[in-house]
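Here the structure is laid out as structure tokens; the discussion comes afterwards.
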């Protein structure tokens, strides 16, 4: 039944997607492969979580959304984000992903939300950490490759202000080894990196150790491979 739900969610409705407004900068040949607006609680079936009890469907703050409302009871094998929700049924190679996000935690330097991509397994993936202030462990692009996360950013800004009760737009582009991250201003990336360690993988959302909401997910790509994401280790 779960796999059937994945397949149903990922059927591309050509006429509907063609009618949807497409943002600027989508590469030639890319089409909308996945979208999620969280119209009801059943949308959560599209995701695999580090801890499903830490996530819930909500209707408020102007949007229906998936909310990370508490810390996950999950201890990664190597130092890496604790709270992750993966789009469970499709892998993406080169892609453009956009989402509306609201950080709901207290203000401090490492106040964050994270965006996972190229996910292979719980100890092998990329993620970008968007935080208030930048240092070697915050507001950077990272790789997790069988050891504690490692910064791979070539460029990053000084930090990004999430504000309080404010929806922000996040965009991530991957083209071969090139990675670009945008925050609200889609004309200039706030972070860039180049790395080709991992190819096609799953995309996800969450926080290293804070809370937040996600809505309005869109993923464009030339194609996507239907494949169920691996479960995170139970009890870890």
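The values are calculated or read from the model by the stated rules, or taken from the named source; none is laboratory data. Since the model is a prediction, treat every value here as computed from it, not as a measurement. Virtual Cβ from ideal backbone geometry, glycine too; neighbours counted across all protein chains shown.
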All positions within region 59-89 that are within 16 Å of the chain's Cα centre (by Cα) and closer than 22 Å to residue 141 by Cβ: 68, 80, 81, 82, 83, 84, 85, 86, 87
Taking region 60-70 and keeping only residues that are more than 24 Å from residue 226 (Cβ to Cβ) and either in contact (Cβ under 8 Å) with a residue 60 or more places away in the chain or crowded, with 21+ Cβ neighbours inside 10 Å (or both), one is left with 61, 62, 63, 64, 65, 67, 68, 69, 70
Just give me the residues in region 164-197 being over 23 Å from residue 79 (Cα atoms) and free of Cβ contacts under 8 Å to residues at least 60 places away in the same chain, in sequence order. 164, 177, 178, 180, 182, 183, 184, 185, 187, 188, 189
Find the residue count for region 147-194, including only residues that are within 22 Å of residue 222 (Cβ to Cβ) and in a loop (DSSP other than H, G, I, E, B). 4
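Per-residue answers, yes or no, for (1) at pLDDT 95 or above; (2) under 25 Å from residue 131 (Cβ atoms); (3) touching a strand residue (DSSP E or B) at 6+ places or on another chain (Cβ under 9 Å):
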site	(1), (2), (3)
180	yes, yes, yes
184	yes, yes, yes
193	yes, yes, yes
196	yes, no, no
205	yes, yes, yes
209	no, yes, yes
215	yes, yes, yes
222	yes, no, yes
228	yes, no, yes
Here the residues within region 135-151 that are more than 12 Å from residue 125 (Cα to Cα), surrounded by 13 or more Cβ atoms within 10 Å (Cβ to Cβ) and touching a strand residue (DSSP E or B) at 6+ places or on another chain (Cβ under 7 Å) are 138, 139, 140, 151
Working only within region 42-59, note down all residues that are within 14 Å of residue 211 (Cβ to Cβ), free of Cβ contacts under 8 Å to residues at least 60 places away in the same chain and assigned to a strand (DSSP E or B). 55, 56
Per the list (1) more than 19 Å from residue 116 (Cβ to Cβ); (2) not in a strand (DSSP E or B), residue check on residue 77 breaks on (1)
